[in-house]
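Structure record follows, encoded as structure tokens.
Coordinate-derived values only; no laboratory data. None of these values were measured; they are calculated from a predicted model. Glycine also receives a Cβ, built like all others from the backbone with ideal geometry; neighbour counts cover every protein chain displayed.
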Amino acid sequence: MKKTLFDKVWDKHVVQQIAQGPDVLFIDRHMVHEVTSPVAFLGLKNRNIKVMYPERTFATADHNTPTINQHLPLQDPLSAKQLDALERNANEHGISYWGLGHEKNGIVHVVGPEYGITLPGATIVCGDSHTSTHGAFGAIAFGIGTSEVEMVLSTQCILQPKPKKMRITINGTLQKGVTPKDVALFIISQLTTSGATGHFVEYAGNVFENMSMEGRMTVCNLSIEMGARGGMIAPDDKTFDYIKGREFTPKGADWDKAMEYWQELYTEQGAEFDKEFFFIGDEIEPMITFGTNPGMGIGISKDIPTAAEIEGGAATYQKSLQYMGYNEGESMIGKDIDFVFIGSCTNGRIEDFRAFTEIVKGRKKADNVTAWLVPGSHQVEKAIKEEGLLDILQESGFELREPGCSACLAMNDDKVPQGKYAVSTSNRNFEGRQGPGSRTLLASPIMAAAAAVTGKVTDPRTLIHS
Amino acid sequence: MAYDKFNVLNSTAVPLPIENVDTDQIIPARFLKATERVGFGDNLFRDWRYNSDDSPKADFVLNNTTYRGKILVGGKNFGSGSSREHAAWAIYDYGFRCVVSSFFADIFRNNCLNVGVLPVQVSPEFLEQIFSAIEADHHTTFTIDLPQQKITIDATGNAEGFEINPYKKENMTNGFDDIDYLLNIKENIRTFSKDTPL
């Protein structure tokens, strides 16, 4: 039988199969952060066992960390306790720990690729649903719960039934102002927030082939928002060029050996998928969400759909619009906003800051907007400074904060207040996601930039410098 | 972490007929700062259950003493979003042992099975029957028979089968967890890992 990219990587990692049960899947690399790991480490302690392969385990602090004054002691005692616990656990088990203030610190899904922890054909897990990001390199990467974190820490394996396979093919040319974020929000709007549940997705077609690695990461990152177990893209020369020479990538003969495996990582002609979708790249517009799940997105020129036009229950739909303070049939253009957030594992990479800066260049931040610009890592922060972006941003009235997950999930102090609107480059617009009562409009970095300088929802295409 | 064995559960149910209930609603991120698994039940559905001054919201079902029970019945696509196992802990710690819906998100389903909450997926039609039965009589009981893989509306006798992986079923009925299994095959894993370079 012809194999898909997903089959090849999965099958290579099956230690054994349980009759009528899940597969025992070997995990190459395990990323750990402060929020979903303490109870797992506690489990190891209670069983009196050590981490089986500390060299395959990487810890960073990101979810809880402040994005200003990181050099000062943490104000929140609970956050401080969680960071302390991670540091202590990492030390006790011999795991590398990139904590607050460490030069390699940043969002787990940003630093993984930056340092070559993320590799093609690898299995990668983390107690975070956006682990799907790493699929951009042709890895099988997915989020797990804390019990599963404990499994991987103690045995480097996880018990998983093999998911079904889905392929989403998009060919064509993306229009001006249409970014990878828009492509992903478009897909989710078509499939709904549960349309890929139970499946592992492969993205194929020239739209993805033409994307940068950063763009592919944005797309794979959002796979979970349509319910997919993960998403992946076959590695190509762009992938290999990106990872070559990074700290944790193989070197010399090991690289050559790895390349033999990596070059086999593609879906064979005639391989079968449980579900396939085809879209045309030219038809995608800059996207924005209007509701309380990432599937509730529309092209910026469209109106908010009526309950009759959407699948699913009208009651749930109305509840969502009511929460947002919107009505059916309204245009999103011109809607009031209060906050702009650029950052997160979805859009917190250097390319995202370049795109944002390009739009705000020569313009001023609107007075009614509070803008949080949060780089995904210290490496991104450094690049923003070195490339001169910071000067342009400051000239336009923006400040840069320090790296972390920040307002994406508002575990730290970066909270959008009750009832306020935020145009956010993050991944979830759930009720209260960015702070109790907050209202989130998901969008691309350039849509966020357009909102930041105009003070309202604006079609970014009208602001692109020619 | 050990949990109580699950065999046959007979209980009234709490209805939550909303679709796409995400794990940020089940347990908001600001309550994920614990380093031990304690107190999550208190914050289950925190922002739907309490006002910002911590007073209960009268119209939320968990604050309505009419509805009680060990079964939570939710709308389609229950548990989407974040991988936080804290959502399943909060449901278990509050006192639920079973969540019924017509569709579950993957990670949430796995997390439930790992902590002793049984996810029971039924057809959309049967889900409607369940909601109607509760609406007609909040004392109505349901029987969830894990060995038989069957859920019954006791008042009408209407029943529907549900799927569960045989391995997971064995675990749930015995209160086992996957780590016990994996630790037993550690030598196989060690041998396997020799062919899997970093």
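On the basis of being on the phi > 0 side of the Ramachandran plot, more than 14 Å from every other protein chain (Cβ to nearest Cβ) and surrounded by fewer than 20 Cβ atoms within 10 Å (Cβ to Cβ), does A:Gly455 make the cut? Before the answer, list the steps.
Numbers: on the phi > 0 side of the Ramachandran plot: yes; more than 14 Å from every other protein chain (Cβ to nearest Cβ): yes; surrounded by fewer than 20 Cβ atoms within 10 Å (Cβ to Cβ): yes.
The answer is yes for A:Gly455.
Each residue in segment B:109-146 was checked for being touching a helix residue (DSSP H, G or I) at 6+ places or on another chain (Cβ under 9 Å) and farther than 30 Å from B:Ser83 by Cβ, and 1 pass.
Quick grid of which residues meet (1) closer than 30 Å to A:Gly198 by Cα; (2) assigned to a loop (DSSP other than H, G, I, E, B); (3) of a type in the set (A, V, I, L, M); (4) more than 13 Å from chain A (Cβ to nearest Cβ):
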{"residue": "B:Asp59", "(1), (2), (3), (4)": "no, yes, no, no"}
{"residue": "B:Gly69", "(1), (2), (3), (4)": "yes, yes, no, yes"}
{"residue": "B:Leu72", "(1), (2), (3), (4)": "yes, no, yes, yes"}
{"residue": "B:Lys76", "(1), (2), (3), (4)": "yes, yes, no, no"}
{"residue": "B:Ser83", "(1), (2), (3), (4)": "yes, yes, no, no"}
{"residue": "B:Ala87", "(1), (2), (3), (4)": "yes, no, yes, no"}
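Note on segment A:1-23: among residues that are touching a residue at least 24 places away in the same chain (Cβ under 8 Å) and within 7 Å of chain B (Cβ to nearest Cβ), the one that is nearest to the chain's Cα centre (by Cα) is A:Pro22. For segment B:182-197, state whether one or more residues are assigned to a helix (DSSP H, G or I), facing chain A (nearest Cβ under 9 Å) and surrounded by 22 or more Cβ atoms within 10 Å (Cβ to Cβ). The answer is yes, given that some residue of segment B:182-197 is assigned to a helix (DSSP H, G or I), facing chain A (nearest Cβ under 9 Å) and surrounded by 22 or more Cβ atoms within 10 Å (Cβ to Cβ).
Considering each residue of segment A:432-450, count those that are crowded, with 24+ Cβ neighbours inside 10 Å and either of a type outside the set (A, V, I, L, M) or more than 26 Å from B:Asp24 (Cα to Cα) (or both), and give that number.
Of segment A:432-450, the ones crowded, with 24+ Cβ neighbours inside 10 Å are A:432-434, A:438-450.
Next, from what is left, pick out any that are either of a type outside the set (A, V, I, L, M) or more than 26 Å from B:Asp24 (Cα to Cα) (or both): A:432-434, A:438-440, A:444-446, A:449-450.
Total satisfying the criteria: 11.
Are any of the residues in segment A:86-98 small (Gly, Ala, Ser), under 22 Å from A:Cys408 (Cα atoms) and surrounded by fewer than 19 Cβ atoms within 10 Å (Cβ to Cβ)? Looking through segment A:86-98, none of the residues is small (Gly, Ala, Ser), under 22 Å from A:Cys408 (Cα atoms) and surrounded by fewer than 19 Cβ atoms within 10 Å (Cβ to Cβ). Could you check segment A:268-326 and list, in sequence order, the residues that are crowded, with 19+ Cβ neighbours inside 10 Å, among the small types (Gly, Ala, Ser) and part of a helix (DSSP H, G or I)? A:Gly281, A:Ser320 - these are the residues of segment A:268-326 that are crowded, with 19+ Cβ neighbours inside 10 Å, among the small types (Gly, Ala, Ser) and part of a helix (DSSP H, G or I). Scanning segment A:99-124 for residues that are more than 14 Å from every other protein chain (Cβ to nearest Cβ), more than 19 Å from A:Val152 (Cβ to Cβ) and surrounded by 15 or more Cβ atoms within 10 Å (Cβ to Cβ) yields a count of 9. Checked against (1) surrounded by fewer than 21 Cβ atoms within 10 Å (Cβ to Cβ); (2) touching a residue at least 24 places away in the same chain (Cβ under 8 Å), B:Asp53 meets all criteria but (2).
Considering only residues in segment A:24-54 that are without any contact (Cβ under 8 Å) to a residue 24 or more places away in the chain and in a helix (DSSP H, G or I), the one that is nearest to the chain's Cα centre (by Cα) turns out to be A:Leu42. Among all residues of segment A:141-163, there is none that is more than 14 Å from every other protein chain (Cβ to nearest Cβ) and of a type in the set (Val, Ile, Thr). Against the list (1) among the hydrophobic types (A, V, I, L, M, F, W, C); (2) under 26 Å from A:Asn427 (Cβ atoms); (3) more than 13 Å from chain A (Cβ to nearest Cβ), the condition B:Leu113 fails is (3).
Residues that are out of contact with any helix residue (DSSP H, G or I) (no Cβ under 9 Å at 6 or more places or on another chain) and in contact (Cβ under 8 Å) with a residue 60 or more places away in the chain within segment B:155-194 comprise B:Thr173, B:Asn174, B:Gly175, listed in sequence order.
I'd like the residue in segment A:208-260 that is surrounded by 14 or more Cβ atoms within 10 Å (Cβ to Cβ), among the small types (Gly, Ala, Ser) and more than 14 Å from every other protein chain (Cβ to nearest Cβ) and, out of all such residues, is farthest from A:Ser444 (Cα to Cα). Restricting to residues being surrounded by 14 or more Cβ atoms within 10 Å (Cβ to Cβ), among the small types (Gly, Ala, Ser) and more than 14 Å from every other protein chain (Cβ to nearest Cβ), the top hit is A:Ala234.
Go through segment A:180-204 and give me each residue that's of a type in the set (A, V, I, L, M, F, W, C) and part of a helix (DSSP H, G or I). Within segment A:180-204, A:Val183, A:Ala184, A:Leu185, A:Phe186, A:Ile187, A:Ile188, A:Leu191 meet the criteria.
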